[in-house]
1. Six or more apart or on different chains, Cβ atoms under 9 Å: show the pairs whose first residue is in region 59-84 and over 28 Å from Pro100 (Cβ atoms) and at pLDDT 95 or above and whose second is of a type in the set (Phe, Trp, Tyr) and surrounded by 15 or more Cβ atoms within 10 Å (Cβ to Cβ).
2. Can you name the residue in region 36-71 that is outside any strand (DSSP E or B) and within 10 Å of the chain's Cα centre (by Cα) and is also surrounded by the most Cβ atoms within 10 Å (Cβ to Cβ) among such residues?
3. Within region 1-49, track down each residue that is without any contact (Cβ under 8 Å) to a residue 12 or more places away in the chain and more than 23 Å from Asn109 (Cβ to Cβ).
4. Determine the pairs where a residue that is farther than 18 Å from Ile75 by Cα and outside any strand (DSSP E or B), located within region 92-118, has a partner that is aromatic (Phe, Trp, Tyr) and modelled with pLDDT under 95 with Cβ atoms under 9 Å apart, the partner being 6 or more residues away or on another chain.
5. With the structure loaded, tell me whether Ile21 is touching a Lys or Arg at 6+ places or on another chain (Cβ under 9 Å), surrounded by fewer than 17 Cβ atoms within 10 Å (Cβ to Cβ) and at pLDDT 95 or above or whether it fails that test.
Amino acid sequence: MKIATRDFGELEIDESTIIDIPNGILGFEDTKRYTLISPLGDDTFPMWLQSVDGVSPCFVVYDPMQIYSDYRFEITDEEQELLKIDENTPYRCLTVAIVPEDYKKTTINLRCPLVINTKDKIGAQIVLDDYDFKYPVYFDESKEA
């Protein structure tokens with residue numbers, strides 16, 4: 001299947017890679033179908049979460065656990081039902097990034113992660129109270145003591 005992308009022109013994707021997000025993403029509730037684009041190689045971040053039904057929306061995403069190793073959350077029963085997920089279901093967690101002109105100031109939204117059932121390709125954005133909307137991806141090591 002060919003799709004038009006925001007950053008990579010027209011791409012051919014396998015339809016089996018389409019992720020259904022039944023409730024959409026906050027602010028983009030009408031867009032339900034996405035695919036992950038990995039320009040740096042499989043499972044190498046950042047990745048792009050690209051709508052398959054239009055050029056936008058498109059989000060740069062990261063695995064939050066690669067950036068913030070203490071990141072933990074619980075999925076409610078309702079969210080588990082929506083995602084068709086249990087303790088044995090493979091899933092991945094992604095966070096949307098804000099990438100300014102100076103990419104070293106990129107932040108990720110830890111408060112509203114996307115959880116994706118990787119077996120059934122179903123996703124949902126969940127809202128957490130315990131995390132920040134803007135968590136830095138890159139740290140200035142010269143300022144750390």
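1. These pairs meet every condition: Leu83/Tyr91.
2. Of region 36-71, the ones outside any strand (DSSP E or B) are 38-46, 52-57, 63-71.
Then drop every residue that is not within 10 Å of the chain's Cα centre (by Cα), which leaves 46, 63-64.
Details: Pro46: 19, Asp63: 18, Pro64: 22.
Checked region 36-71; the qualifying residue surrounded by the most Cβ atoms within 10 Å (Cβ to Cβ) is Pro64.
3. Hits for region 1-49 are Lys2, Gly9, Glu10, Glu12, Gly41, Asp42.
4. Close Cβ pairs (under 9 Å, with a partner that is aromatic (Phe, Trp, Tyr) and modelled with pLDDT under 95) amount to Tyr103/Tyr138; Lys104/Tyr138; Lys105/Tyr138; Thr106/Tyr138.
5. Working: touching a Lys or Arg at 6+ places or on another chain (Cβ under 9 Å): yes; surrounded by fewer than 17 Cβ atoms within 10 Å (Cβ to Cβ): no; at pLDDT 95 or above: yes.
No, not satisfied.
The values are calculated or read from the model by the stated rules, or taken from the named source; none is laboratory data. On a predicted model such as this, the values are computed, not experimentally measured, just so you know. Note that we place each Cβ from the backbone using ideal geometry, even for glycine, and neighbour counts take in every protein chain shown.
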